[in-house]
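Asks: The structure follows.
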Amino acid sequence: MQPQGWESIRDEVSARIRARLWAPGDTIPGEETLAQEFGVARATVNRAMRELAATGVIERRRKAGTRVALLPARRALLEIAVIRLEVEGKGAAYSHQVLEDRMEAAPPPVVARLGLPAGTVLRRLRTLHLADGQPWAYEDRWLNPAALVGEAPDFTQVSANEWLVSHVPYATGDIAFSAEGAEPDVAVALGVEEGAALFVTDRATWTEAQPITSVRLYHAPGYRMRSAL
């Protein structure tokens, strides 16, 4: 019987690696191929492969495919958080406000990071996430419409953060953390003084073929991030 859940697929891929069916450095079949073999959606395979990459068993590189790690190592597990669940996990009521939603040419730093041609038009979304009506996080996102299958939903009803995590599987991504002074628009949205130190998450994700999104999250004072080791 073929594996059905992402955990079973993860375990099967791990077993093949341990048995040296795929040796260190070998390229692993793509997600579409594995999805057909196991009879599941590609998103299910993507979830399993992300778990293996997070634990250092495999290495995923944009445009270079997925390989068995030469030197497997345990890594910190960093999942893309659904902000609504973070807020509700604190016992607070979640809501969000879309402050800006428009198509515009992305600035040079964004297109360079995503590997897109200069002047590429992307969808810019600025969203304020709230906990019990108080600012929780300010999100500044550039979204590549070409990476979506079909039309995106009304982001005033479901946040782009939650919808993308649920509907657009990513193959690779990068993330950076920093402390930065609040810019004027961010300060107003979060209700802090301009220049106040904020914890910032800067993240970009790609499918196997193209970039999905580049997003900056400015967290309100007091935010604490946790990760498994």
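Asks: Sort out which residues of segment 129-151 are out of contact with any helix residue (DSSP H, G or I) (no Cβ under 8 Å at 6 or more places or on another chain), more than 14 Å from residue 219 (Cα to Cα) and not in a loop (DSSP other than H, G, I, E, B), and write them in order of number.
Replies: Across segment 129-151, the qualifying residues are 145, 146, 147.
Asks: Just one of 111, 87 is in contact with a His (Cβ under 9 Å, 6 or more places away or on another chain) and either farther than 30 Å from residue 198 by Cα or not in a strand (DSSP E or B) (or both); which is it?
Replies: Checking each option against the conditions leaves just 87.
Asks: From 187, 179, 137, 131, which residue is farther than 26 Å from residue 104 by Cα and buried (at least 17 other Cβ atoms within 10 Å of the Cβ)?
Replies: Just a single option satisfies the conditions, and that option is 131.
Asks: List, please: which pairs have Cβ atoms under 8 Å, are six or more places apart or on different chains, and start with a residue in segment 13-34 that is of a type in the set (Gly, Ala, Ser) and end with one that is in a loop (DSSP other than H, G, I, E, B)?
Replies: 14/57; 25/70; 30/208
Asks: So for segment 35-52 (the condition being of a type outside the set (Phe, Trp, Tyr), assigned to a loop (DSSP other than H, G, I, E, B) and either assigned by TED's automatic domain parsing to the domain that holds residue 147 or under 25 Å from residue 189 (Cβ atoms) (or both)), does at least one residue qualify? Talk me through it step by step, then tell me what you get.
Replies: The first filter runs over segment 35-52 and keeps only residues of a type outside the set (Phe, Trp, Tyr), leaving 35-37, 39-52.
Next, from what is left, pick out any that are assigned to a loop (DSSP other than H, G, I, E, B): 39-41.
Within this subset, residues satisfying the condition of being either assigned by TED's automatic domain parsing to the domain that holds residue 147 or under 25 Å from residue 189 (Cβ atoms) (or both) are none.
No, every residue in segment 35-52 fails to be of a type outside the set (Phe, Trp, Tyr), assigned to a loop (DSSP other than H, G, I, E, B) and either assigned by TED's automatic domain parsing to the domain that holds residue 147 or under 25 Å from residue 189 (Cβ atoms) (or both).
Asks: Exactly one of (1) farther than 19 Å from residue 96 by Cβ; (2) under 19 Å from the mean Cα position of the chain (by Cα); (3) of a type in the set (A, V, I, L, M); (4) not in a loop (DSSP other than H, G, I, E, B) is unmet by residue 225. Its number?
Replies: (4)
Asks: Same structure, new question: Return yes when residue 194 is out of contact with any Leu (no Cβ under 9 Å at 6 or more places or on another chain), free of Cβ contacts under 8 Å to residues at least 12 places away in the same chain and within 19 Å of residue 219 (Cα to Cα) and no when it is not.
Replies: No, not satisfied.
Asks: Which of the residues that make up segment 141-161 are at pLDDT 95 or above and either closer than 22 Å to residue 49 by Cβ or under 14 Å from the mean Cα position of the chain (by Cα) (or both)?
Replies: Listed by number, the residues that qualify are 141, 142, 143, 144, 159, 160, 161.
The values are calculated or read from the model by the stated rules, or taken from the named source; none is laboratory data. Note that the coordinates shown come from a computational prediction; the quantities given were computed from them, not determined experimentally. Every residue, glycine among them, receives a Cβ derived from its backbone with ideal geometry; neighbour counts consider all protein chains shown.
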